Ligand code: SF4
């Protein structure tokens, strides 16, 4: 049996989880609610994270704008997503919340701006 310890980051309580893995059986202990159980299962089967990065901006007052995924995405796709973000340029202006890449890799996840970048006048 494999045993892993992790902190549930689904809410500020940060419960300490103990995850016991035996073949296909996964047992979660230490969670105070169902979300913690789901978090532990996801961390074993398909861990997900919000991806943050920067994207190049043409004709902006700054050359970059910060971006993030609008939902958590499988860690296995993180590098592919960052590669796409690194190869794309968007035209200024960029406003916080603008969807700069829609439905990346048909995951249902968008890349949205988290900073403003006004157009050069
Ligand atoms: S198990 Fe529930 S209460 Fe504990 S940190 Fe996760 S979400 Fe919060």
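The values are calculated or read from the model by the stated rules, or taken from the named source; none is laboratory data. Just so we're clear, the structure is a prediction, and the values are computed from it rather than from any experiment. Positions of Cβ are backbone-derived with ideal geometry, glycine not excepted, and every protein chain shown enters the neighbour counts.
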Qualifying residue in segment 15-27 (condition: within 7 Å of the ligand (Cβ to nearest atom), in contact with a strand residue (DSSP E or B) (Cβ under 9 Å, 6 or more places away or on another chain), closer than 30 Å to residue 83 by Cβ and not in a strand (DSSP E or B)): no
One residue from 117, 110 being more than 30 Å from residue 6 (Cβ to Cβ) and in contact with a strand residue (DSSP E or B) (Cβ under 6 Å, 6 or more places away or on another chain): 117
Subset of segment 103-121 [surrounded by 13 or more Cβ atoms within 10 Å (Cβ to Cβ) and within 13 Å of the chain's Cα centre (by Cα)]: 104, 107, 109, 110, 111, 112
Residue 41, sole failed condition from (1) assigned to a helix (DSSP H, G or I); (2) surrounded by 17 or more Cβ atoms within 10 Å (Cβ to Cβ): (2)
Sole exception among (1) assigned to a strand (DSSP E or B); (2) closer than 27 Å to residue 101 by Cα; (3) within 11 Å of the ligand (Cβ to nearest atom) for residue 54, by number: (3)
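The rows are residues; the columns are (1) under 21 Å from residue 48 (Cα atoms); (2) exposed (fewer than 13 other Cβ atoms within 10 Å of the Cβ); (3) touching a residue at least 40 places away in the same chain (Cβ under 8 Å).
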residue	(1), (2), (3)
66	yes, no, yes
74	yes, no, no
89	no, yes, no
101	yes, no, no
Failed item, numbered, when residue 62 is tested on (1) without any contact (Cβ under 8 Å) to a residue 40 or more places away in the chain; (2) part of a loop (DSSP other than H, G, I, E, B); (3) over 16 Å from the mean Cα position of the chain (by Cα); (4) more than 16 Å from the ligand (Cβ to nearest atom): (1)
Scope segment 1-14; condition away from the ligand (no atom under 15 Å from the Cβ) and either part of a helix (DSSP H, G or I) or closer than 23 Å to residue 78 by Cβ (or both); matching residues: 4
Count of residues meeting criterion [modelled with pLDDT of 95 or more and within 16 Å of the ligand (Cβ to nearest atom)] in segment 65-84: 0
Lone unmet requirement of (1) farther than 30 Å from residue 117 by Cβ; (2) more than 16 Å from the ligand (Cβ to nearest atom); (3) surrounded by 13 or more Cβ atoms within 10 Å (Cβ to Cβ) for residue 33: (2)
Search result, residues across segment 104-121 that are in contact (Cβ under 8 Å) with a residue 12 or more places away in the chain and either more than 29 Å from residue 74 (Cα to Cα) or assigned to a strand (DSSP E or B) (or both): 111, 112, 113, 117, 118, 119, 120
